[in-house]
Structures are given as structure tokens and as C-alpha cells.
Amino acid sequence: MKKYVFKILTLNEWKQFKENKIFKGSKLDLISGFIHLSSKEQLEETLNIHYLNENNLVIVKLMAYFLKKNLKWERSRNNQLFPHLFDVLNFRYVSNFLFLNMHKFRNYSYLDIS
């Protein structure tokens, strides 16, 4: 199991998450029945596929250890294993976060969230 997993949020989702301390999921998450997460290696491709039309995003780094009870790695895009959270996301599991402007990100293929 990876030490960290990541959630990509819109700026509005981030503001609600910070205020409520709980994130129930995006529209896609709610339809899917789980919160879509990514490994660090999957972030760039996920951003380019699903978030090209978003300008301001927040990448949230989460401690996988605390999610493990409800975290499942399931096959998805390109037969890769993706982390899916079958629970709400609690703010106390946030290890770090990064504000990302997609216009700037498109010009660089480097993403650092330590």
C-alpha cells in the first residue's frame, strides 16, 4: 500500500472541505458510490484527462494509513489500480495540499507535492 493518496478538488470543493471538515465527494464520486483518489504517479494523467477545463484546483495529500479500513485499490483506467474511498473524507487526514493553476500546469509536466 502507498503511504499517501491524493484527491483533486476544485477550489469550491476545497473551501467546503475546509469549512465542514468533511468531504462527501464530487458529483462523479457521489454517482460512483466512492471517492476517486489517485496515487502520486497517476496525478498528472488524471489532471490532463478530467480537469483540463478547470483553472484553479487543489491537490490534497492524504495519509493512506488512516483511510485503509475503507480504501480499496481497484482496476480502472488502463488497467491500473486506483485508490477508491468508500467513506467520507475527513480533514484531519490531510497531510499537505497544493494550489494548482491548470493554465500554468499545462506548460510544465512537473508536479511537486511533498
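Bear in mind these aren't lab numbers, they're just calculated from the coordinates by the rules spelled out. What you see is a predicted model; the values in this text were computed from it and never measured. Every residue, glycine as well, gets a Cβ built from its backbone with ideal geometry; the counts of neighbours run over all protein chains shown.
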### Message
What does the net charge come to around H84 if you take all other residues with beta carbon closer than 14 Å to its beta carbon, with K and R at +1 and D and E at -1?
### Response
+4
### Task
Measure up K15/K72; K3/K72; K15/K69 against 24 Å on the Cα-Cα distance and list the ones that go over.
K15/K72; K15/K69
### Message
Compute, for the chain, the length of the dipole vector about the Cα centre, with Cβ point charges of +1 (Lys, Arg) and -1 (Asp, Glu) only. Units Debye, rounded to 20.
### Response
340
### Summary
For region 4-106 the mean separation of alpha carbon contacts under 8 Å (6+ apart) over residue count, i.e. relative contact order in percent, is 38
### Task
Could you tell me the distance between the Cα centroids of region 86-104 and region 23-73, to the nearest Å?
8
### Calculated FRET efficiency for the pair K72/F99, C-beta based, R₀ 25 Å, to 0.05
0.30
